[in-house]
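J.: Structure in structure tokens, see below.
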Amino acid sequence: MQQIINFILRNKTTLLYLFLLLVGMSLSIQSHSYHRARFFNSANWVSGSIYNTESNITDYFDLREENNKLVEENTKLRSLLFNDEVKEIASQELDSFTFQIIPAKIIKNSYSLRNNYITINKGSRDGLEQDMGVITSQGILGIVEHTTTKFAAVQSLLNTKSNINAKIKNTNNFGSLKWDTNRFDVVQLEDIPRMVPLNIGDTIVTGAMSSIFPENIPIGTIKKFDLTTSQSFYNIEVALFNDMTNIKQVYIIRNENAAEIRSLEEKISNDQ
Amino acid sequence: MTNNVYLINALRFLLLVLAQVLVFNKLNFMGFINPMIYILFLYWYPIKQRRGVFILISFLLGFTIDVFSDTLAFHTIACITMAYLRPAIMRFVFGVNFEFQSFKLTNTTKAQQITFLAFLIIGHHTIFFLLEIFSLDHLLLLLKKIVFTSIGSLLLCVLITSLFSAEKE
């Protein structure tokens with residue numbers, strides 16, 4: 001017994017180090033398993049409010065550019081409105097739509113890591129929940145992963161855990177969108193069968209197989225494609241429409257039917 | 001006097017964390033270089049304090065940075081490892097001198113200080129990027145990140161140490 005105590009006393013620094021190493025390892029393993037409730041992320045109130053304060057100060061620097069983006073988007077929406085036959089859209093009750101849009105601002109962005117997260121200034125008190133889609137005026141951005149009362153952490157497209165249903169525009173050939181961590185302006189589309197005719201420059205949009213995003217939200221264009229080693233599927237490089245390094249204003253998509261769809265899917269998987 | 005040491009270290013902790021998360025994490029120089037200047041805390045921390053406390057504080061430091069940058073526990077692990085290895089590195093760089101009571105970081109030569117800092121940075125970055133990338137498939141990417149980020153961190157750390165070298169007497 002004496003010897004054990006002596007040993008502990010003699011090596012207490014090493015033991016403390018090993019203990020803390022273990023704590024660190026378990027934290028990182030835990031944070032890497034998908035969908036585990038996680039408290040320690042940049043959406044908690046300390047880091048959230050610090051980032052928010054910083055964003056309040058630095059927002060003024062790119063106001064002009066942000067304004068230009070908004071005007072551009074407004075112009076696009078206006079021209080859609082005038083050229084289409086949906087005259088009564090402005091008078092419709094906004095609450096009756098399936099997809100609700102919640103605007104938010106990015107207060108922290110990263111794109112040079114392997115698993116990138118974005119922190120936004122809206123949280124559960126604004127109606128945000130896990131698994132809601134996040135888009136910008138140019139295209140999709142990611143999926144809400146954690147929310148606190150005032151902030152939310154968004155899993156960016158530039159994240160190895162990201163897996164989004166996508167298809168080639170005007171066809172119904174869908175695959176899954178992933179990221180190989182090499183470049184922050186290119187993502188990969190997998191599982192498109194080889195008989196699908198492809199061209200460089202084709203547009204990739206979100207598919208209908210998801211309760212998170214509505215169909216046909218733009219993602220990017222085909223930059224390069226080749227066959228996988230099994231020769232039956234394409235490996236497609238997609239150049240993103242979004243400039244991931246320079247985004248400020250985002251929209252969160254709340255699908256009113258999401259809960260219903262999800263419970264249905266759960267029922268099916270339970271029956272099997 | 002002892003109070004003063006605590007105060008200085010607490011202030012240093014706070015300022016280094018804020019500088020790291022608000023300024024240096026956003027540099028993205030050439031797309032990926034984000035210097036990690038908070039390692040200066042390990043460099044400046046008094047030598048004669050208890051090692052256990054030092055490792056605990058390093059844990060806290062790494063953890064704070066991790067929470068802010070959503071890289072849970074990579075910074076923490078790298079940081080405590082460097083804190084644990086610090087005496088060994090110091091013995092290697094300064095020789096047996098550093099065991100003496102009268103040893104002070106400011107009394108050593110510039111070259112020794114920079115070597116010490118470089119060891120801390122390279123060790124830290126190697127552990128950090130190994131954990132972050134966590135596969136040897138991207139060996140080239142890994143080496144690129146370690147080498148260039150280390151150079152960036154070292155340059156900035158040397159600049160900052162020479163900027164705040166008022167303690168020299």
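J.: Assuming residue A:82 fulfils every condition listed in (1) open to solvent by 80 Å² or more (accessible area, probe 1.4 Å); (2) at pLDDT below 85; (3) within 14 Å of another protein chain (Cβ to nearest Cβ) apart from one, which condition is it?
T.: In the conditions (1) open to solvent by 80 Å² or more (accessible area, probe 1.4 Å); (2) at pLDDT below 85; (3) within 14 Å of another protein chain (Cβ to nearest Cβ), residue A:82 misses (3) alone.
J.: Assuming residue A:31 fulfils every condition listed in (1) at pLDDT 85 or above; (2) open to solvent by less than 80 Å² (accessible area, probe 1.4 Å); (3) within 14 Å of another protein chain (Cβ to nearest Cβ) apart from one, which condition is it?
T.: (1)
J.: Does residue A:119 satisfy the condition of being touching a helix residue (DSSP H, G or I) at 6+ places or on another chain (Cβ under 9 Å), among the polar types (S, T, N, Q), assigned to a strand (DSSP E or B) and under 20 Å from residue A:55 (Cβ atoms)?
T.: When the stated conditions are applied, residue A:119 passes them.
J.: If I go through the range B:1-56 residue by residue, how many of them are charged (D, E, K, R) and over 23 Å from residue A:24 (Cβ atoms)?
T.: The number of residues fulfilling the criteria is 2.
J.: Report yes if residue A:257 is over 21 Å from residue A:154 (Cβ atoms) and touching a residue at least 40 places away in the same chain (Cβ under 8 Å), otherwise no.
T.: In short, yes.
J.: Here is a follow-up. So in the range A:184-202, with the set limited to residues that are in a loop (DSSP other than H, G, I, E, B) and among the charged types (D, E, K, R), which one is most open to solvent (accessible area, probe 1.4 Å)?
T.: It comes out as A:194.
J.: Shifting gears a bit: Only residues that are among the aromatic types (Phe, Trp, Tyr), in a helix (DSSP H, G or I) and surrounded by fewer than 18 Cβ atoms within 10 Å (Cβ to Cβ): list them for the range B:113-169, please.
T.: Residue satisfying the conditions is B:148 alone.
J.: Right, here's the next one. Taking the range B:55-68 as the region of interest, how many residues are within 25 Å of residue A:155 (Cβ to Cβ) and either at pLDDT 95 or above or more than 7 Å from chain A (Cβ to nearest Cβ) (or both)?
T.: So the count comes out to 5.
J.: Quick one: how many residues across the range A:47-67 are under 19 Å from residue B:68 (Cα atoms) and open to solvent by less than 70 Å² (accessible area, probe 1.4 Å)? Steps first, answer last, please.
T.: Pass one, the range A:47-67, residues under 19 Å from residue B:68 (Cα atoms): A:47-58.
Next cut, open to solvent by less than 70 Å² (accessible area, probe 1.4 Å) only: A:47-52, A:54-55, A:58.
Residues meeting the conditions: 9.
J.: When you go through A:160, A:245, A:181 one by one, which is the residue that is under 13 Å from the mean Cα position of the chain (by Cα), within 14 Å of chain B (Cβ to nearest Cβ) and either modelled with pLDDT under 85 or surrounded by fewer than 17 Cβ atoms within 10 Å (Cβ to Cβ) (or both)?
T.: A:160 is the lone residue from the list that is under 13 Å from the mean Cα position of the chain (by Cα), within 14 Å of chain B (Cβ to nearest Cβ) and either modelled with pLDDT under 85 or surrounded by fewer than 17 Cβ atoms within 10 Å (Cβ to Cβ) (or both).
J.: With the checklist (1) outside the structural domain of residue A:70 (by TED's automatic domain parsing); (2) open to solvent by 40 Å² or more (accessible area, probe 1.4 Å) in hand, flag the one item residue A:234 doesn't pass.
T.: With respect to (1) outside the structural domain of residue A:70 (by TED's automatic domain parsing); (2) open to solvent by 40 Å² or more (accessible area, probe 1.4 Å), residue A:234 is out only on (2).
The values are calculated or read from the model by the stated rules, or taken from the named source; none is laboratory data. Nothing here was measured: the structure is a model prediction, and the numbers come from that model. Every residue, glycine as well, gets a Cβ built from its backbone with ideal geometry; the counts of neighbours run over all protein chains shown. Just so you know, the surface numbers come from the protein's heavy atoms only, side chains and all, with ligands and any DNA or RNA stripped out. Shrake-Rupley method; radii C 1.70, N 1.55, O 1.52, S 1.80 Å.
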